[in-house]
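Shown next, in structure tokens, is the structure this report addresses.
The values are calculated or read from the model by the stated rules, or taken from the named source; none is laboratory data. Source: prediction; values computed, not measured. Every residue, glycine among them, receives a Cβ derived from its backbone with ideal geometry; neighbour counts consider all protein chains shown. With ligands, DNA and RNA removed, areas are computed over all heavy atoms of the protein, side chains included. Shrake-Rupley method; radii C 1.70, N 1.55, O 1.52, S 1.80 Å.
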Amino acid sequence: MAKIVDILAGGPSSSFEFFPPKTPAAEAQLEQALLELEPLNPSFVSVTYGAGGSTRERTHDLVVRINRDTSMTAMAHLTCAAHTRAELTEIVTRYRESSVENILTLGGDPPKDLNLPPGELTYATELLALVGGIGDFSVGVAVHPEGHPSSTSATEDRRRQAEKLSVADFGLSQFFFDADVWFEFLGDLDALGVTTPVIPGIMPVLNVKSVKRMSEMAGAAFPAELERKLRAVQDDDDAMRAIVIEAATQLCLDLKAGGVHSFHFYTLNRSTATREIYSNLGLGPA
């Protein structure tokens, strides 16, 4: 295991995101993805945290198991929504006692249908401070190149993101589909004096409907031309996959041409797309 802040200081990185499975079939799918992606030697991997703590134990157990049973370094996502300070302290203390060294702190939104309390903490920075007071963790935050979905002012949004990054070790970005979005974001951060490393998030679009819905929730623009191409072949899995891989590969190449050398891949607990993009980019083990 290693701290992500130290990993990023060592040069280019690649990382994968997983989520805790809910069914035996989903668990088998995740196990296959872990088996097939581990040989790519990712710099680290992350495990998401369900809204309102709905995957609390499963997130903890998966992070600990990846660190214990594989060669990969796992980071736990944690949201403060719908949690008391005491609950969050307990969760973070358990991570410390399990030798987990990396946490991604998030504000989060409790699911409306569960009628959960708002929680005693509201912002990721509050959670980051709590985590820092409990153990010697490497702590990251999420960033939104196209602005946080709840933001009403682009200028204020950038300022808040810069403030958040100023107290974090690193930032992981929400996915996006246009390299210009990323470079504009970096330029704004630079103008605000941000020096904290930020890593772009890459989402292979394997299902148009679900990714479009996720894009709307995340405030990420889904390119009309990409949607048109995918819908034109939505009954042909092979053709759709080819378009997906080409689009994600080209995004990474455009980012690399602009000086980006670290990438965070949203795997959706599948390995094939990520492995193909890796191959196209010449990444993976030497």
Just to confirm the filter: which GluC sites (Glu not before Pro) across the stretch 47-95 are DSSP coil and have at most 16 other Cβ within 10 angstrom of their Cβ? none
Report the extension gain between T272 and K112 in nm, rounded to one decimal, defined as 0.36 nm multiplied by the number of residues separating them, less their alpha carbon distance. 54.2 nm
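Compute and list, largest first, the equivalent-ellipsoid semi-axes of the stretch 168-236 from the alpha carbon gyration tensor, each √(5λ) rounded to a whole angstrom. Can you show the working numbers first?
Numbers: eigenvalues 168, 28, 16 Å².
In descending order the semi-axes read 29, 12, 9 Å.
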Please report the spacing between the Cα centers of the stretch 31-94 and the stretch 135-162 in Å, no decimals. 21 Å
What's the FRET efficiency of D6 with Y123 using the Cβ-Cβ distance as r and R₀ = 22 Å, to the nearest 0.05? 0.25
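Over the chain, calculate the relative contact order: mean separation of alpha carbon pairs under 8 Å at least 6 apart, over the residue count, as a percent. Could you put the intermediate results ahead of the total?
Values: 474 pairs, mean separation 57.6, N = 286.
Relative contact order of the chain: 20 percent.
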Largest first and to the nearest Å, give the Cα extent of the stretch 127-286 along each principal axis. 51, 42, 30
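Rounding to the nearest 20 debye, state how big the charge dipole of the stretch 173-274 is about its Cα centre with +1 on each Lys and Arg Cβ and -1 on each Asp and Glu Cβ. Please report the intermediate quantities before stating the final value.
Details: 9 positive and 14 negative charges, 69 e Å.
My answer is approximately 320 debye.
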With labels modelled as points extended 7 Å from the Cα through the Cβ direction, what inter-label distance (nm, one decimal) is found for D69 paired with A86? 3.4 nm
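Full-extension gain between K209 and D180, please, as 0.36 nm times their residue separation minus the C-alpha to C-alpha distance.
Details: separation 29, 0.36 × 29 = 10.44 nm, distance 2.41 nm.
Extra length from K209 to D180 when fully extended: 8.0 nm.
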So, over other residues within a Cβ distance under 15 Å of R159, counting Lys, Arg +1 and Asp, Glu -1, the net charge is -2
Sorting T274, S215, A257 by the position of each Cα along the dipole of the stretch 209-283 (Lys, Arg +1; Asp, Glu -1; all at Cβ), the one nearest the positive end of that ordering is S215
With unit charges on the beta carbons (Lys and Arg positive, Asp and Glu negative) and the dipole taken about the Cα centre of the chain, which residue among L88, P42, G187 sits farthest to the positive side? L88
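Please give the charge dipole size of the chain, origin at the Cα centre, charges +1 on K and R Cβ atoms and -1 on D and E Cβ atoms. Round to the nearest 20 debye. Don't skip to the answer; put the middle values down first.
Numbers: 24 positive and 38 negative charges, 56 e Å.
That gives a dipole near 260 debye.
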Past the 29 angstrom mark, what percentage of all C-alpha to C-alpha distances in the chain do you count? 31 percent
Only loop residues by DSSP count here, and only those with at most 11 other Cβ atoms within 10 Å; note down the GluC sites (Glu not before Pro) in the stretch 116-202 that meet that. none
In debye, nearest 20: dipole of the stretch 6-164 around its Cα centre with unit charges on the Cβ of K, R (+) and D, E (-)? 220 debye
Residues with amide H under 5 Å of F265's amide H, sequence separation 5 or more or different chain, H placed in the peptide plane at 1.01 Å from N; which? S15, F16, E17, I202
Taking the chain and counting helices only, DSSP H stretches of n ≥ 4 at -39,500 (n - 2.57) each over all residues, the nearest-500 ellipticity at 222 nm comes to -14500 deg cm²/dmol
Restrict the search to the stretch 152-227; then list the trypsin sites (Lys or Arg not before Pro) that DSSP places in a loop and that have at most 13 other Cβ atoms within 10 Å of their Cβ. none
State in Å² the accessible area per residue of the stretch 114-175; use a 1.4 Å probe, count heavy atoms of protein chains only, and round to the nearest integer. 48 Å²
Cα-Cα P(r), the stretch 26-154, percent of pairs per 5 Å interval: 2, 10, 19, 22, 18, 14, 10, 4, 1
Mind giving me the nanometre distance, one decimal, between the label points for S151 and E216, set 7 Å out from Cα along Cα→Cβ? 2.2 nm
Where labels lie 7 Å past Cα in the beta-carbon direction, separation of E225 and E31 in nm: 4.4 nm
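Could you please state how large a percent of the accessible area of the stretch 128-198 is carbon and sulfur, counting protein chains only and using a 1.4 Å probe? Intermediate values should be presented prior to the final figure.
Numbers: 1540 of 3190 Å².
In the stretch 128-198, the share of accessible area belonging to carbon and sulfur is 48 percent.
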Have a look at L62, T125, H148 and report the one farthest towards the positive end of the charge dipole of the chain, computed about the Cα centre with Cβ charges (Lys/Arg +1, Asp/Glu -1). L62
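So between E246 and S99, what do we pick up on full extension, going 0.36 nm a residue minus the alpha carbon distance? Walk me through the numbers before you get to the answer.
Numbers: separation 147, 0.36 × 147 = 52.92 nm, distance 3.90 nm.
49.0 nm is the gain from fully extending E246 to S99.
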